Amino acid sequence: MSKDLTIGEALRQRGVSRRGFLKFCAATASMMALPPGMAPVIAAALEKARRPSVIWLSFQECTGCTESLTRSHSPTVEGLIFDTISLDYHHTLQAAAGDAAEAARVAAMEENYGNYILVVDGSIPTGNPGFSTIAGISNLDMLRETAAGAAAIVSVGTCAAYGGIPHANPNPTGAASVSDLVSDKPIINVPGCPPIPVVITGVLAHYLTFGTIPELDDLGRPRAHYGQSIHDRCYRRPFYDKGLFAETFDDEGAKKGWCLYKLGCKGPTTYNACATTKWNEGTSFPIESGHPCLGCSEPDFWDGGGFYKALSTPTADITRTAVYAVGAGAAAGIALGAMNRTKQKRMAKEHEKVTIDDLEKGD
Amino acid sequence: MNERVVVDPITRIEGHLRIEAQMDGDRIAKAWSAGTMVRGIEIILRGRDPRDAWAFAQRICGVCTLVHGLASIRAVENALDYTIPPNAQLIRNLMNGAQYIHDHVMHFYHLHALDWVDVVSALNADPKATSALAQSLSSYPKSSPGYFADMQKKLKTFVEGGQLGIFAQAYWGHPAYKLPAEANLMAVAHYLEALVWQRDVAKLHTIFGGKNPHPNFLVGGVACPIDLNSDSAINAKRLAQVQEIINKMNVFVEQVYIPDLLAIAGFYKDWGSRGEGLGNFLTFGDFPEKGMDDPSSFLIPSGAILDRDLSTIRDVDMNAADEIQEYVAHSFYDYSDGKEAPLHPYDGETNLNYSGPKPPYKQLDVDNSYSWLKSPRWKGHAMEVGPLARVLMLYASGHDQTKELVTMTLNTLDVPVAALFSTLGRTAARGLETKIIGDMMQTWMNNLVANIKAGDTKTFNEKLWEPSSWPRQARGVGFMEAPRGGLAHWIVIEDETIKNYQAVVPSTWNAGPRDQNGQPGAYEAALQDNHTLHDPKQPIEILRTIHSFDPCIACAVHVTDPDGEELIKVKVR
């Protein structure tokens, strides 16, 4: 009998009919000296699907992603870990420690080989195996060993997805992402520093409900959550279009909720669900609380040139030329959101000049 | 029997911690605490815009998710002599206060409780008796027999499903678990309640900082403007939400956390006589009423207590070169003048040098370097920081509410004052200060509302925002009391960028290795204080004392290096 099958499934696979299965349950009830009414209860219990095993590995991380998981209100974290999945290894939450914790990981791998979901948060140092160890094992060895039997890998947080803050210049420990190191497994990236709580649980729920990897963008992120830029979905977007910007943090514009573009907002180049799903049960999101978006779901956002430096600054609202440079000038209402994002990034990086026509063409 | 007991990973903490304990019979003779992960965030900070530093520093830790952000903006503001508006000060106090309450409750239920609470034993509880017990302790409404019967049923279904998930392989049934089944069931119910509660009260950070974890901060004030006539600023609706959260926090602390803490502690009084260790306590002070420049307005005073002597509070100078210093004798770092002499954080210098055993390894070489943590010392003394240090400092400085709470606790548990200096005392102190901070939350909220009523809506000081207005060179220290203890960031600014950045954090003080003189850190000393292991294969006693400190190891590991090129020069054995 394969380990991930319930008894009910296994019996049926061997040709035992539903009727035969119920007979078996009645016999079991009688054998256990239980009243006949218990047979359906036993049947239900036996048929109950095993909760899929999830092994969660934490490497070069700050535990912010785990904290974010616990903030999920729908699905709730308690619903997830007690009713939906079997969270068999998770440093922050598991009761067992030391050898017993490692035994839990090994047992989960053996019992569910080929079928468990591996979640990773944190980057993996490649500069020296001694830069990060668990139970004396290097992060790289533990990743490889645990990834081997995984059905799929979910890289939670920008560190696991793209290297994140340890990978920021000058990357002192040679930090790498999961997809830099594992190439033979399906990997879902769920970036963000941390990711939105319900995005973490939502991605897991998708996989558990539909049994498929959700559709991903070119950076391995589910389109359902990362398909749109924050700028395109931002409730302050109309002010951008009208050319109304906060010039500082408590001026009239800031108070009235005008666009934070000039204060460095990275919403135009950041793909995430903050402006739609929002944070902590829809309470707010960074821009709504007056702070420019840091761009935390994008690779290398730490090295993007300054959180308070305007992303792009068209030279004047009457010319047909916009300069993608950091720092000077006034912005006007330009439909940056329509641009091809790869090109946006390249231009932002290379401080290239683009024209209004480029922007409007959206390519 | 001179066995070496190794616990790695220490779970139910933040970060990667390893404990090795040398046994003498069934007693711990010597213990070593090792941080096993390094990222190098201070190296990454160098050359950046000081106004951006908070975001990097905040990612030191996602559990105490705002403290490094706050320490960082304070460091920049201290360096630039940058004052912030009173409203910004109050909002920061509210955010840090909320962090304490959130953190301490989660620590108690989700990180620490399972050292004292046997989940499996809860299956044998009588729900009616559990209800009677809960109602005898508190007026919390969720305490009916039906409620506990439901909880027990849920738990039963879970356990009988055969997949124990996060509860698998734990030491259930260990004789060190002393609670009656009913107390276990009550605590398990509150474990789940606290999980629900915490995600609601975290919203205070979201209102002011846009998200949690990792809410946003701003040098010069706060980013959320106040405007009662705007739908996009802190307005009456937002303030009402904040008030609601404060109420919710205080109800849980008063009706669930404190009663559970005292009830559980009553069964573990023997833990009031072990696990103290150093007897030296340090605070930097925090929660200013009038700004960081006026320490006399701090709720928590700054100071040092040596050898349990509560009659003498010594002054602490964050800038004095001979007071706060870091040793690297047993850390995986080199100093250019050798590993012996300590350095003040302004002159802090570190070269990564992993000299430990090549992974996979069984045992660390504790005679040489064995941790990614340094060993901070105050005037050469190893010090404990955290809730116990703060409660002792408040008590010693005559804070009335603290004295009342400490007396109430000692009387309720019927233990002597000396029981404060212990694993139990540390865990109790965390609860008591949660109550103190919870009460202050209301005061700060009232003051914020009063300011707005009086027409003051200022939240940001624009004066020094532009780097061109800064001196060419500046340096400063941003200090605070984080939930886990005194935290300070030292920054050196030159030509509008960061020249040097150093964080000396609570868990470095507590979890750091031995220093040049062989003095153990606080964890090590605590484990060497009267610990016997019932079964070395199930070292629950080690977990109890280590968890009483609430370790935060990602915080504790930090590195700076004045010569960037040296970083990749790593010796591998």
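Just want the answer: with Cβ charges of +1 for Lys and Arg and -1 for Asp and Glu, which residue in B:H110, B:L392, B:M480 is farthest toward the dipole's positive end in the protein assembly as shown?
Of B:H110, B:L392, B:M480, it is B:H110.
Have a look at the stretch A:53-226 and give its Rg and Dmax from the Cα atoms, expressed in angstrom.
14.8, 43
Check the straight Cα-Cα distances from B:K403 and name the aspartates and glutamates below 18 Å, setting aside those fewer than 8 residues away within the same chain.
Those aspartates and glutamates meeting the cut-off are B:E254, B:D309, B:D414, B:E433, B:D439.
Identify all aspartates and glutamates with a Cα-Cα distance to A:K278 below 12 Å; exclude those on the same chain that are fewer than 8 residues away in sequence.
A:E288
Across peptide B:354-360, what mean number of C-beta atoms from other chains lies inside 10 Å of a residue's C-beta? All intermediate terms of the calculation are to be shown ahead of the outcome.
Numbers: counts 7, 1, 5, 3, 5, 15, 8.
What the average comes to for B:354-360 is 6.
With a 10 Å Cβ neighbour count serving as the proxy for reagent exposure, in which order, fewest first, do B:T130, A:T70 appear?
On the way: B:T130 28, A:T70 22.
Least to most surrounded, the residues fall as A:T70, B:T130.
With no solvent and one equal point scatterer placed on each C-alpha of the stretch B:355-435, evaluate the Debye formula and give log10 I(q)/I(0) for q = 0.14 Å⁻¹, two decimals.
-0.63
Could you pull out every residue, at least 5 positions away or on a different chain, whose amide H is within less than 5 Å of the one on B:M383? Hs are placed 1.01 Å off N in the peptide plane, and Pro or chain starts have none.
B:W378
Using Cβ-Cβ distances only, list the Cys residues of chain B with no partner cysteine under 4.7 Å, sorted by number.
Those would be B:C64, B:C224, since no other cysteine Cβ in chain B comes under 4.7 Å of theirs.
Roughly how big is the stretch B:200-351's charge dipole about its Cα centre, with Cβ charges of +1 (Lys, Arg) and -1 (Asp, Glu), in debye to the nearest 20?
Numbers: 11 positive and 24 negative charges, 193 e Å.
The calculated dipole for the stretch B:200-351 is roughly 920 debye.
Neighbouring Cβ atoms within 10 Å as the yardstick, rank B:S397, B:S33 fewest first. Walk me through the numbers on the way to the answer.
Values: B:S397 14, B:S33 32.
Fewest-to-most ranking of B:S397, B:S33: B:S397, B:S33.
Could I get the Rg over Rh figure for the stretch B:75-149? Both from C-alpha atoms, Rh via Kirkwood, rounded to two places.
Working: Rg = 21.1 Å, Rh = 16.3 Å.
The Rg/Rh ratio comes out at 1.29.
Return the average number of partner chain Cβ atoms within 10 angstrom of each residue Cβ along peptide B:217-226. It would help to have the intermediate numbers written out before the result.
Numbers: counts 1, 6, 1, 3, 2, 5, 11, 8, 13, 3.
The mean count of partner-chain Cβ atoms within 10 Å per residue comes to 5.
Positive end of the dipole of chain B, charges at C-beta (+1 Lys, Arg; -1 Asp, Glu), about the Cα centre: which of B:F281, B:I498, B:I28 has its Cα farthest in that direction?
Among B:F281, B:I498, B:I28, the one farthest towards the positive end of the dipole of chain B is B:I28.
Please state, rounded to one decimal and in Å, the Kirkwood hydrodynamic radius that chain B gives when every pair of distinct Cα atoms enters the mean of 1/r.
On the way: mean 1/r = 0.0410 Å⁻¹.
Computed over chain B, the radius equals 24.4 Å.
If r is the Cβ-Cβ distance from B:E404 to B:K290 and R0 is 30 Å, what FRET efficiency results, to the nearest 0.05? Show your work: numbers first, answer last.
Numbers: r = 25 Å, r/R0 = 0.85.
The pair B:E404/B:K290 has a calculated efficiency of 0.75.
Please list, short to long, the whole-number percent of alpha-carbon pairs of the stretch A:147-225 in consecutive 10 angstrom bins beginning at zero.
Percent of Cα pairs in each bin: 18, 50, 27, 5, 0.
Along the Cα-to-C-beta direction of B:E466, a point sits 7 Å from the Cα; which residues of the stretch A:279-306 have their amide N less than 14 Å from that point?
Output list for this probe position: empty.
If neighbour count is taken as other Cβ atoms inside 10 Å, put B:W54, B:W465 in order from fewest to most.
Working: B:W54 26, B:W465 19.
Ordered from fewest to most neighbouring Cβ atoms within 10 Å, B:W54, B:W465 come out as B:W465, B:W54.
Determine the dipole magnitude for the protein assembly as shown: charges of +1 sit on the beta-carbon of Lys and Arg, -1 on that of Asp and Glu, nothing else is charged, the reference point is the Cα centre, and the result goes in debye to the nearest 20.
Values: 86 positive and 106 negative charges, 514 e Å.
For the protein assembly as shown, the charge dipole is close to 2460 debye.
On average, how much area does the Cα convex hull of the protein assembly as shown cover when viewed from any direction, in nm²?
Working: hull surface 153.3 nm².
For the protein assembly as shown, averaging the hull's shadow over all directions gives 38.3 nm².
Lys/Arg Cβ at +1, Asp/Glu Cβ at -1, dipole of chain B taken about the Cα centre: which of B:I207, B:P551, B:V366 is farthest positive-ward?
Projecting each Cα onto the dipole axis, the largest value belongs to B:I207.
Over 18 Å between Cα atoms: which of A:K242/B:K211; B:K237/B:K453; B:K142/B:K211; B:K248/B:K435; B:K211/B:K499 fall into that group? Before the final figure, lay out each step's value.
Working: A:K242/B:K211 27 Å; B:K237/B:K453 15 Å; B:K142/B:K211 30 Å; B:K248/B:K435 13 Å; B:K211/B:K499 30 Å.
Over 18 Å Cα-Cα: A:K242/B:K211; B:K142/B:K211; B:K211/B:K499.
Roughly how crowded by other chains is peptide B:59-69, in terms of the mean Cβ count from those chains within 10 Å of each of its Cβ atoms?
Values: counts 13, 2, 5, 12, 6, 3, 6, 0, 0, 1, 0.
Counting other chains' Cβ atoms within 10 Å and averaging over B:59-69 gives 4.
Cα centroid distance between the stretch B:429-489 and the stretch A:112-156, in Å?
Cα centres, the stretch B:429-489 to the stretch A:112-156: 39 Å.
Note down the magnitude of the dipole of chain B about its Cα centre, charges +1 on Lys and Arg C-beta and -1 on Asp and Glu C-beta and zero elsewhere, to the nearest 20 debye.
Numbers: 53 positive and 68 negative charges, 269 e Å.
It works out to roughly 1300 debye.
Quick one: check the C-alpha center-to-center distance for the stretch B:373-402 versus the stretch A:60-74, whole angstrom.
That distance is 30 Å.
Read-outs throughout are calculated quantities, based only on the coordinates presented, and are distinct from any laboratory measurement. Model, not experiment: these values are computed from the prediction. Glycine also receives a Cβ, built like all others from the backbone with ideal geometry; neighbour counts cover every protein chain displayed.
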